Amino acid sequence: MKEIENIKNVFIHTIIGFSIKSNERDPKKGEENMKHHIYYKYLEFNDEKFFTICLLPGKNGKFPVVISRSPYVNHTVDMPEEKIMQDYYHSAKYWLERGYALLFQHCKGQGKSTGAFVPYVHEREDGLAFREWVRRQPFYNGEIYLVGGSYTASLHYATAPFEADVKGAIFEVQDSERYRLWYRNGQMRKGHANWHFGLYKAKCNLHKKFDMRSFSKIPIKGVSNSTFGEYAHDFEQMLEASSPSHEFWSTRFGGVDTKDAVTDADIPILLTTGYNDFYVGGVFKMWQRMSEQTKRKSALLVSPYNHGDDYDQENGIPFPNGQRRQAFGGDYQIAWLDHIRKGTPLPYKTGVITYYRVFENGWQSDFFQPATKDLTIPLGTGSFCFDYDPLCPPSFRGEGLLVEDLQGRSDVLSICTPAFDADTFVKGQMKIMLAVESNVPDTSFYVRISIKKPEYTYVLRHDITSLCYQLGDYNENSIATLEFCFDEYAFLIKKGDCLQLDISSTDNNTYVCHTNKKGEYYLQTETEKAENKIHLDKSCLILPVEPS
């Protein structure tokens, strides 16, 4: 690989190291306490120094190596290296007890590492350099395991295809296709853009001026100059690429190397996500795109919770045994690697998806095949007309939260299905066929699905699209049918429950609002109001249901 040729220039600066006695051994067995050997180094690569913590089960010997890297370390900037190292040791020592060496590195420009951090841009070279250094160490036994979640999983995706000594991986709550991180059906996700803005050159004293309103300014082209005080080429390229077919997504910095990171990776991979995770649909697509050979020895765990495998205690709902750690043990990550290395049993199956059945409140393992029966529910009669003003857009709560009071907004239609007359289990991707009309050449439409119970109404799914994104072109004041295809879900509708649909044109909490102008959003210099209409008598909800 071309990148490996430059790794010969890695210089190692050992700063400190010492051994710590482990107290985890059972004294009844008469075993002597092991000494865990821990130290840190600064690895120099391409004129930057990378702070790296090394935790070894013992001072001597060869061990399987678990690698992780992270940019989420700026709280350590003013901490002594010894304190950082000891804190990490106390959070990770159980890996050492199971015989694994842990190597943890601060990303370029973050924490104690030097340089300037720009999300995604340097991760391939830096990650490959780190692994090449590992291979030269006396403790390396020929086995490397990649572990990461969210962006720290993307760090590993960037290094694909994986070398022969990478024997397995754990990739949690992160889609490998970068377009889906930034956009949903052409609508930019505010949350991911906000994350990018916050981390961009975080230690470089840029005097950033941004908040969520920064994405409502028009034109959005050049927003990096106004918020960072400098032009961020990679960010501006992304703004121009609202379509998944845009050439940017076929470039390296658009993620062309990462989107198929697991597709043909011939190693056991544990994927995890949650129904309320931002990227649940993308993780399902990663699983579906895996080769059958890889899939047979891999697993996907789907909890009923969010990106952090948790729920909002004020506006969410707990589910019995719902967290992965509750269901599969606090050491489920170590157990996955033990299974790869030693063949130890797992509390779930490989080759299939293990998922939580929401409101039925249990876990099940199967192929998560699409339901063989569709239940079609008409949305009603007549039409609903509303004005959509991009300067005064509605906001909605997202998946996994209780429905808010919409305060009687005239630009939101809330309707309910009839109460279900029998228990009905929905499994797969719900769809809505929505007949719409508008007086502008392009606008967006948004739909949210919630389950309405006697005691609360709980958000399940949302989707958004625009006329021209889905249709290619639109004739003003004509009726068009848009398809909304929601991310996978598995939940029980109990007898007497119904589904609530909230229909509007956007969600200001989640997406950059459509201007109602045709053409690339980042170039728009003005907005206009749209007169939109929903034809309920030509619209329907389609539920994939399991046979009784």
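The values are calculated or read from the model by the stated rules, or taken from the named source; none is laboratory data. Small disclaimer: the values here were computed from a predicted structure and weren't measured. Every residue, glycine among them, receives a Cβ derived from its backbone with ideal geometry; neighbour counts consider all protein chains shown. Protein only, heavy atoms only, side chains kept; ligands, DNA and RNA dropped before computing areas. Shrake-Rupley method; radii C 1.70, N 1.55, O 1.52, S 1.80 Å.
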message: Using the Kirkwood formula on the Cα atoms of region 51-138, what hydrodynamic radius do you get, in angstrom to one decimal?
response: 13.8
query: Over the chain, what relative contact order in percent results from Cα pairs under 8 Å that are six or more residues apart?
result: 13
- line: Neighbours of LYS285 by Cβ distance under 14 Å: Lys/Arg at +1, Asp/Glu at -1, summed charge 0
field: Listed residues PHE384, PHE368 arranged by accessible area, highest first, probe 1.4 Å
entry: PHE384, PHE368
- request: Compute the long axis of helix 280-289 from its Cα atoms, compare it with the longest principal axis of the Cα atoms of the chain, and write down the angle in degrees, 0 to 90, nearest 10.
  value: 70
- line: Under the rule rounded for a/c under 1.5, else prolate if a/b exceeds b/c, else oblate, using alpha carbon gyration tensor axes a ≥ b ≥ c, region 115-156 is classed as oblate
task: With all protein chains present, calculate the accessible area of ARG289 using a 1.4 Å probe and round the result to the nearest 10 Å².
output: 120
message: Counting only Cα atoms, I'd like the Rg/Rh figure for region 247-368, Kirkwood definition for Rh.
response: 1.00
query: Using Cα pairs under 8 angstrom and six or more residues apart, how large is the relative contact order of region 51-187, in percent?
result: 29
GLU97, GLU292, ranked by accessible area, largest first (probe 1.4 Å): GLU292, GLU97
query: Going by accessible area, probe 1.4 Å, with all protein chains left in place, what is the ranking of THR527, THR372, THR159, largest first?
result: THR372, THR527, THR159
message: Using only the alpha-carbon atoms, how far is helix 81-97 inclined from the longest principal axis of the chain? Give it as 0 to 90 degrees, nearest 10.
response: 90
- prompt: Taking the Cα atoms of region 197-309 alone, what are Rg (to one decimal) and Dmax (as a whole number) in Å?
  reply: 18.1, 50
Spatial extent of the chain: Rg and Dmax, with the Cα atoms as the point set, Å: 25.1, 83
task: Count charges around LYS203 for me, please; just the other residues with Cβ under 14 Å from its Cβ, Lys/Arg as +1, Asp/Glu as -1.
output: +3
- prompt: Just from the alpha-carbon atoms, what are the Rg and Dmax of region 162-236 in angstroms?
  reply: 15.7, 49
- line: With ASP366 itself left out, Lys, Arg at +1 and Asp, Glu at -1 over residues whose Cβ is under 12 Å from its Cβ give +2
- line: Under the helix-only model (-39500 (n - 2.57) for each DSSP H run of 4 or more, divided by the residues of the chain), the mean residue ellipticity at 222 nm, to 500 deg cm²/dmol, is -5000 deg cm²/dmol
statement: The percentage of the accessible area of region 417-507 (probe 1.4 Å, all protein chains present) made up of carbon and sulfur atoms, to the nearest whole number, is 45
query: Given the pairs LYS190/LYS285; LYS217/LYS517; LYS190/LYS518; LYS41/LYS297, which are separated by over 25 angstrom at their Cα positions?
result: LYS41/LYS297
field: Over region 401-548: Rg over Rh, Cα atoms, Kirkwood Rh
entry: 0.99
message: Looking at the calculated P(r) for region 323-460, what percent of the C-alpha pair distances fall above 27 Å?
response: 45
